[in-house]
Amino acid sequence: MKDVLVIGSGISGMSCAVRCAELGLNVTLVSPFPSERAQSVMAAGGINAVLEDNGEGDTVLCHVEDTLRGGGYLSSEEEVKGLCERSGEILRFLERIGTVFSVDENGKTAKRAFGGQSHKRTYYCGASTGKQIVSSLIMEVRHFEAAGKITRRLWSCFHSGLILDGVCYGALIYDETTRKLETIYADAVVMATGGQNTLFGKTTGSTQCDGYAQGQLFRQGVELKNLEFIQYHPTTLVTGQKNMLISEAARGEGGRLFYMENGKRVYFMEDKYGEKGNLMTRDVVSREMFLVNKDIWLDVSFLGERLIRRRIPEVMELCRKYRGIDISKEPIPVTPSVHFFMGGFAVSLDHETNIRNLFAVGECASKYHGANRLGGNSLLAAIYGGMKAAEEIAGRAGDDKHPDFSGYAARQTQVLEEKGKTESRFPVAYIRDLLAETMQKDLGIVRNEESLDNGITDVDYYLENADRIQYDNSVMTYFNYSLTGILTLARAVLTCAKNRRESRGAHYRSDYPEMKEEYASSTIISYDDGVYRTRPEGNVGTSINTERCI
Ligand SMILES: Cc1cc2nc3c(=O)[nH]c(=O)nc-3n(C[C@H](O)[C@H](O)[C@H](O)COP(=O)(O)OP(=O)(O)OC[C@H]3O[C@@H](n4cnc5c(N)ncnc54)[C@H](O)[C@@H]3O)c2cc1C
């Protein structure tokens with residue numbers, strides 16, 4: 001293969017582009033905004049790895065077991081092993097390209113504890129791990145750009161795939177500067193478009209990650225997986241615009257969750273789960289917070305100002321800046337909020353979708369995290385997935401011939417022109433807001449048949465209207481045409497949640513609170529002209545039972 005189109009330039013997209021270039025492929029890297037503005041820069045807490053010389057009893061198998069257990073054993077052991085086995089290599093790669101990791105008092109690369117880990121294995125760069133990794137990758141991309149191997153395309157948004165008879169030949173890209181659709185043919189297309197925040201409005205993440213690409217490609221026959229598993233992060237700080245993440249590092253450093261009763265603090269997580277209670281996995285902590293149904297606080301004040309400034313300065317700064325709270329003296333009011341999407345494109349071991357030559361990496365793909373992701377594993381999976389897809393693509397023979405999609409491109413151009421003819425302003429933003437309200441209400445930490453049915457009825461109604469409305473010419477064209485894809489994805493998410501009549505990981509049904517054997521598999525969902533079909537895939541694995549990891 002020669003030409004690769006990578007869509008999305010966060011950590012996963014850039015990792016894929018760089019690896020493709022290293023392997024001699026030509027890459028076009030497309031995104032609406034510069035990488036410096038991708039959600040990846042928000043990652044603060046760290047990246048998981050097992051380093052041979054810094055393990056302190058940790059092993060790759062422990063990392064595998066923690067990841068499988070944390071995810072309710074829904075991921076494939078073989079795939080998770082592949083991820084964990086390369087974690088050390090990935091950390092060394094990041095150092096080589098200029099990522100500077102924090103060191104401890106002994107001069108060793110510092111690591112911290114994150115939820116669900118049997119050993120400390122989260123490496124970090126002060127308070128800005130994502131930013132540091134993004135910066136290093138940008139330098140690598142520039143290096144290959146100068147060598148003519150990578151072409152960056154900004155202000156460019158994915159429109160649709162060029163797909164015929166189960167094979168992908170490229171994509172239609174909308175250029176917001178020329179306001180035109182462009183046909184880009186490629187031997188392979190790699191989707192790296194991140195999560196699905198727009199579905200829920202207020203989350204910890206970026207609204208650039210709207211799930212449109214998933215929804216659109218789903219409409220074009222691409223299968224999606226495990227959409228019902230949505231991670232609510234237990235500790236976020238409510239501000240006007242969004243819910244700001246209080247990194248898990250705060251609990252990793254000993255932070256304690258409590259509520260007040262009769263003038264006394266109740267440390268409910270410790271009471272129920274013992275010493276490690278505050279560091280249970282995110283699904284468990286969020287659910288407990290929901291069930292106690294009280295105002296919850298996180299206390300780190302006992303660490304003292306000096307340690308707080310050294311270990312979690314970003315948490316201190318964030319609370320001071322947004323809420324005027326001095327965390328060295330007072331506790332933080334915290335609330336769970338949508339944070340990460342375990343579901344996404346269903347992909348093979350090599351990150352290929354069910355459509356040949358169409359790949360997906362990073363948060364837009366559903367792969368290693370099962371029913372619940374462990375903190376620090378996402379950055380690792382984003383880089384690993386990008387590399388893995390690149391290596392698969394490089395090993396394949398290319399085909400110079402492709403079908404002619406000019407008729408398809410002309411028809412899509414006509415649709416955009418027709419819909420953009422009026423000066424309607426209201427409906428697009430309005431429907432997006434309604435959708436977020438519906439999803440927050442009906443697909444919360446705890447769901448049930450009734451809430452999911454309500455959600456489906458509402459989203460079907462929005463979908464009917466979305467097809468009819470005119471575009472709002474005061475915003476990016478992408479904001480308009482993405483609506484139907486986003487709504488379709490929302491409908492698919494609700495369908496997956498309705499069809500899993502049990503509780504597992506981040507999916508908790510108040511009407512089916514138990515885990516059930518008959519649902520011990522992943523959910524695959526496909527779309528055929530308005531019909532949403534789910535089917536189970538694979539069986540839940542078992543514990544690899546490394547005693548030291550428990
Ligand atoms: C506040 C916060 C803190 C986090 N902290 C951690 C942490 O400490 N450790 C950890 O492991 N994980 C963390 N995560 C999760 C992690 O940051 C993400 O899962 C990961 O960075 C995703 O990388 P990505 O490359 O897949 O997507 P992103 O970085 O989201 O990049 C997506 C790219 O796709 C582009 N794009 C989107 N739609 C389109 C379209 N239609 N057309 C073209 N381009 C498009 C975007 O512009 C962007 O360039 C955190 C997440 C948040 C929100």
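Miscellaneous remarks
- Charge context of Gly205, other residues only, Cβ under 11 angstrom, K/R +1, D/E -1: 0
- The loop-placed trypsin sites (Lys or Arg not before Pro) in the range 251-308, going by DSSP, include none that has at most 10 neighbouring Cβ atoms within 10 Å of its Cβ.
- Qualifying GluC sites (Glu not before Pro) in the range 405-499, where qualification requires a DSSP coil assignment and no more than 15 other C-beta atoms within 10 Å, comprise Glu423.
- Pairwise Cα separations in the chain fall into 20 Å bins from 0 onward with the following percentages, short to long: 22, 57, 20, 1.
- Normalising by residue count, the range 90-163 has a Cα convex hull of 182 Å³ per residue.
- Kirkwood Rh, angstrom, the range 436-494 [1 / mean 1/r, Cα pairs]: 12.3 Å
- Checked against a 20 Å cut-off, the cross-linked pairs Lys242/Lys321; Lys202/Lys421; Lys111/Lys202; Lys111/Lys367; Lys272/Lys294; Lys367/Lys388 give Cα-Cα distances beyond that limit for Lys202/Lys421; Lys111/Lys202; Lys111/Lys367.
- Packing rank of 514-521, 73-80, 379-386, where each peptide gets the mean count of other beta carbons within 10 Å, highest leading: 379-386, 73-80, 514-521
- Sequence-separation-based contact order of the range 298-390, relative, with Cα cut under 8 Å and 6+ spacing, percent: 22 percent
- The ellipsoid equivalent to the alpha-carbon distribution of the range 222-372 has semi-axes of 34, 17, 14 angstrom, derived from the gyration tensor eigenvalues as √(5λ) and listed largest first.
- With 0.36 nm allotted per residue and the present C-alpha distance subtracted, the Glu437-Arg356 stretch has 25.5 nm of extension available.
- Close amide-amide hydrogen proximity is noted between Leu224 and Ala346, Ile525, each under 5 Å apart and 5 or more residues distant or on a separate chain (H modeled in the peptide plane; Pro and chain starts excluded).
- The reciprocal of the average 1/r between distinct C-alpha atoms defines the Kirkwood hydrodynamic radius, which for the range 10-54 equals 12.7 Å.
- Contact order, relative form, for the chain: 22 percent (alpha carbon pairs under 8 Å, 6 or more residues apart, mean separation divided by residue count).
- Gain in span if fully extended, Tyr259 to Asp467, counting 0.36 nm per residue against the direct Cα distance: 70.2 nm
- Spin-label model, Ser406 to Glu449: label points 7 Å out along the Cα-to-beta-carbon direction sit 5.6 nm apart.
- Peptide ranges 124-137, 227-240, 189-202 listed from the most packed, as the mean C-beta count within 10 angstrom indicates: 189-202, 227-240, 124-137
- Point-to-point label distance, Ser348-Ala397, nm (Cα→Cβ direction, 7 Å offset): 1.6 nm
- Only beta bridges with both residues in the chain are counted; by DSSP, about 70 percent of them are antiparallel.
- All-pairs Cα distance distribution in the range 347-404, expressed in whole percent, bin size 10 Å: 21, 47, 23, 7, 2
- FRET E, pair Asp53, Arg309, Förster distance 45 Å, beta-carbon r, rounded to 0.05: 0.95
- Taking chymotrypsin sites (Phe, Trp or Tyr not before Pro) across the range 137-184, none is in a DSSP loop with at most 10 further Cβ atoms lying within 10 angstrom of its Cβ.
- Shape of the range 253-304, Cα gyration tensor, a/c cut at 1.5: oblate
- Label-point separation in nm, Tyr430 to Arg37, each point 7 Å along Cα→Cβ: 2.8 nm
- Dimensions of the range 422-520 from C-alpha coordinates, computed as largest minus smallest value along each principal axis and given longest first, are 53, 20, 19 Å.
- Cα gyration tensor category, rounded, prolate or oblate, for the range 375-473 with a/c compared to 1.5: oblate
- A helix-only calculation puts the chain at -11500 deg cm²/dmol for mean residue ellipticity at 222 nm, using -39500 (n - 2.57) for each DSSP H run of at least four residues, averaged over all residues.
- Glu176 sits among other residues whose Cβ lies under 12 Å from its own Cβ, and their net charge, with Lys and Arg +1 and Asp and Glu -1, is +1.
- Ordering 354-365, 525-536 by mean Cβ neighbour count within 10 Å, with the highest value first, yields 354-365, 525-536.
- Charge context of Ala389, other residues only, Cβ under 9 angstrom, K/R +1, D/E -1: -2
- Potential lengthening between Asn106 and Glu517 on full extension [0.36 nm per residue; Cα-Cα distance subtracted]: 143.1 nm
No value in this document is a laboratory result; all are computed from the given coordinates. Quantities reported herein were computed from a predicted structural model and do not represent experimental measurements. Neighbour counts run over all protein chains shown; Cβ positions are idealised from the backbone, glycine included.
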